[in-house]
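The values are calculated or read from the model by the stated rules, or taken from the named source; none is laboratory data. Predicted model only: the values in this text are computed from it and were never measured. Virtual Cβ from ideal backbone geometry, glycine too; neighbours counted across all protein chains shown.
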Amino acid sequence: MTAFGSARAESQHGSVAVEFRSVNSRFLDVGFRLPEDLRMAEGLIREQLGQYVKRGKIEVRVNYTRPDARATPALDPDVLSHTARALALAREHIPDAAPPSLTELLAASRGADIKIVGCYWPGLTYAIFSKPSLNSAKDLSGKTLAISGPGSLPDLITRAVLQANDLASSSVSFTQMGSDVDRMRALTAGVVDAAAASTEFIDFAKENNVKLLVHAQDVAPNFLRFCTYVTSKTLETRKDELAHYLAAQMQGVQYALDHRDESIELTKTLTKAAPNDMRAADMFDEVQKYHAVDSTMPVPAEKLSWMQDLLVKTKNLKTPNDLTKLIDTSAREQALTLVKK
């Protein structure tokens, strides 16, 4: 089954362009390239595809552009409520989904019955890149800065940088661009003055006459990147399965951390990167340097608290959650025991 298809839709909420590519395969293998705004929907898309496609290697690419060039931090409560309910339902069937902590906190604030059971990426490898003429974060005042959508990782990191440097969000002109690649291309082309992107672009920045202006670790060391969460129902009825899943993930992550060359080569193969593309190596070294990935999958309450405070300050979250009700480490503790056997 070799095929290609594409479609675009426009509405008052923005535009979405979708591409599907497929080749024959004995099994179903689906890969995604989604913008930051839509990564939380990967599990739902995968589930829908599974209802119609039984085998084949499929690549799904999605580009999303919001209607307004200028981002605002407020999110629609009705949309959040609908999203929270949808996420809660999805997690009953997809207990291993792992979108950013922002999603978890927002869903919990709207009444979703979810539990964070472990965080395999408790650190952050992200930065603000800029034109060479900018010397510090304070120079961002009056400049145009590329992010993703409101409440996304690039948006939150940018606002954390501005707050740390006593700069109001209104002092910067935000431009929304879908992916890290899009934002870095806009920066190197001179379309924007700065861009929030993964530190995998450090070498790319050097080669294209732009600079790493601020590393997220310097201003937001408590930013929590990725966690795994489930519904209370899954935790109650499938705890042993969850513990075995977490144990397998722990072992897999540790193997990757212990085998640098193999991990980099596999990453380049899966992403179809060119032989001289250094992004996988740069990211691996960044992860090791800042201990951004932890195979024991802790749930750092202090980082969750900091994240929640940031979301309240940026008005993405109206009121704080009771974090003690959001965290359950019992399956993780069981998984750690399994790993030691």
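Taking every residue in region 172-183 that is hydrophobic (A, V, I, L, M, F, W, C) and pairing it with any residue that is in a loop (DSSP other than H, G, I, E, B), at least 6 positions away or on another chain, the pairs with Cβ-Cβ distances below 6 Å are Phe174/Arg70; Phe174/Ala71.
Screening the candidates Glu333, Glu262 for the property of being more than 30 Å from Glu207 (Cβ to Cβ) and among the acidic types (Asp, Glu) yields one hit, Glu333.
Farther than 28 Å from Val62 by Cα, of a type in the set (Gly, Ala, Ser) and without any contact (Cβ under 8 Å) to a residue 60 or more places away in the chain, is that true of Ala146?
On the way: farther than 28 Å from Val62 by Cα: no; of a type in the set (Gly, Ala, Ser): yes; without any contact (Cβ under 8 Å) to a residue 60 or more places away in the chain: yes.
So Ala146 fails the test.
Whether any residue in region 197-210 is free of Cβ contacts under 8 Å to residues at least 40 places away in the same chain, surrounded by fewer than 19 Cβ atoms within 10 Å (Cβ to Cβ) and either in contact with a Ser or Thr (Cβ under 7 Å, 6 or more places away or on another chain) or at positive phi (or both) is what I want to check. Yes, region 197-210 contains a residue that is free of Cβ contacts under 8 Å to residues at least 40 places away in the same chain, surrounded by fewer than 19 Cβ atoms within 10 Å (Cβ to Cβ) and either in contact with a Ser or Thr (Cβ under 7 Å, 6 or more places away or on another chain) or at positive phi (or both). Contact map, region 255-272: residues that are in the same structural domain as Asp29 (by TED's automatic domain parsing) and at pLDDT below 95 paired with residues that are outside any helix (DSSP H, G or I) and loosely packed, with under 10 Cβ neighbours inside 10 Å, Cβ distance under 9 Å, separation 6+ or inter-chain. No pairs are found. Sub-8 Å Cβ pairs linking a first residue in region 315-338 that is of a type in the set (Val, Ile, Thr) to a second residue that is surrounded by fewer than 18 Cβ atoms within 10 Å (Cβ to Cβ) and at pLDDT 85 or above, at least 6 apart or interchain, are Ile327/Ala301, ordered by first then second residue.
On the given criteria, is Val60 modelled with pLDDT of 80 or more, in a strand (DSSP E or B), touching a Gly at 6+ places or on another chain (Cβ under 8 Å) and surrounded by 15 or more Cβ atoms within 10 Å (Cβ to Cβ)? It would help to see each step written out before you state the result.
Numbers: modelled with pLDDT of 80 or more: yes; in a strand (DSSP E or B): yes; touching a Gly at 6+ places or on another chain (Cβ under 8 Å): yes; surrounded by 15 or more Cβ atoms within 10 Å (Cβ to Cβ): yes.
Spelling it out, Val60 is indeed modelled with pLDDT of 80 or more, in a strand (DSSP E or B), touching a Gly at 6+ places or on another chain (Cβ under 8 Å) and surrounded by 15 or more Cβ atoms within 10 Å (Cβ to Cβ).
Look at (1) assigned to a helix (DSSP H, G or I); (2) surrounded by fewer than 24 Cβ atoms within 10 Å (Cβ to Cβ) and you find that Gly149 fails only one, number (1). With over 30 Å from Leu162 (Cα atoms) and touching a Lys or Arg at 6+ places or on another chain (Cβ under 6 Å) as the only criterion, which of Leu235, Leu242 stands out? Testing whether each residue is over 30 Å from Leu162 (Cα atoms) and touching a Lys or Arg at 6+ places or on another chain (Cβ under 6 Å) leaves just Leu235.
Looking only at residues in region 4-33 that are in contact (Cβ under 8 Å) with a residue 12 or more places away in the chain, of a type in the set (Gly, Ala, Ser) and outside any loop (DSSP other than H, G, I, E, B), which one is surrounded by the most Cβ atoms within 10 Å (Cβ to Cβ)?
Quick first cut of region 4-33, residues in contact (Cβ under 8 Å) with a residue 12 or more places away in the chain only: 4-6, 12-33.
Next cut, of a type in the set (Gly, Ala, Ser) only: 5-6, 14-15, 17, 22, 25, 31.
Now restrict to residues that are outside any loop (DSSP other than H, G, I, E, B): 5-6, 14-15, 17, 22, 31.
On the way: Gly5: 9, Ser6: 10, Gly14: 15, Ser15: 13, Ala17: 15, Ser22: 19, Gly31: 12.
Checked region 4-33; the qualifying residue surrounded by the most Cβ atoms within 10 Å (Cβ to Cβ) is Ser22.
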